[in-house]
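Just so you know, all these numbers are worked out from the coordinates, no wet-lab data involved. What you see is a predicted model, and the numbers here were worked out from it, not measured in a lab. Here the Cβ positions follow ideal geometry from the backbone for every residue, glycine too, while neighbour counts run over all protein chains shown.
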Amino acid sequence: MRDPIVAQLTQGITPEKIALTLAVGSAFALFPVLGTTTLLCFLIAWALRLNQPIVQLINQALWPAHFPAIFGCIWIGEAIFGAPHVHINIRYLRKMSDIVWNDPNLFFRQFGLTVMYAVVAWAIIAPFYIALVYYIALPITREVTYLKHKAEKTPPADPPPTAS
């Protein structure tokens, strides 16, 4: 059951494209605004013709890292702009997400600078992150592809003995 699914997900994809999918998908999955990553991942995968299912799988797999990434981007953004450090915790982010859906205008008045700090920091970090992940993933994806093709060309081992 696994092989047809893997074949469908990787059909026609080069190791370079898989590495790019991992790098770009993970960068956009860590975009520091809650509730935006699924749409952003979809749009960037569509624009770059990346594998949509893999990008969305990466997006969902990285949700535990999303909050730490948001905190990190806010802190880096505050440092870039020389802004005073705002004590941010999960309750603060929860309040932000509640307000954004109920009153977007109030959200941007209260948290607009915080969001801007985080997005600017992410925009500065993302290209370096994408390059790093790409160059780490590329040799791995090439090796996996090589091993897969080698296994496909090798005749199967002797069949297992049957019970008589």
May I ask you to list the lysines whose Cα is less than 18 Å away from that of Lys17, ignoring any residue fewer than eight positions away on the same chain? Lys148
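Hey, fewest Cβ within 10 Å first, where do Glu152, Glu16, Glu143, Glu78 land in order?
Working: Glu152 7, Glu16 14, Glu143 11, Glu78 19.
The most exposed by this proxy come first: Glu152, Glu143, Glu16, Glu78.
Highest mean first, what order results for 117-127, 18-28 on Cβ atoms within 10 Å? Could you put the intermediate results ahead of the total?
Numbers: 117-127: 17.8, 18-28: 23.4.
Going from most to least packed, we get 18-28, 117-127.
Nearest 0.05, what FRET efficiency do Phe81 and Tyr135 give at R0 = 41 Å with Cβ-Cβ as r?
On the way: r = 30 Å, r/R0 = 0.73.
With R0 = 41 Å, the Cβ-Cβ based efficiency is 0.85.
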Gained length - Asn105 relative to Trp63, 0.36 nm times residue gap less alpha-carbon distance: 12.5 nm
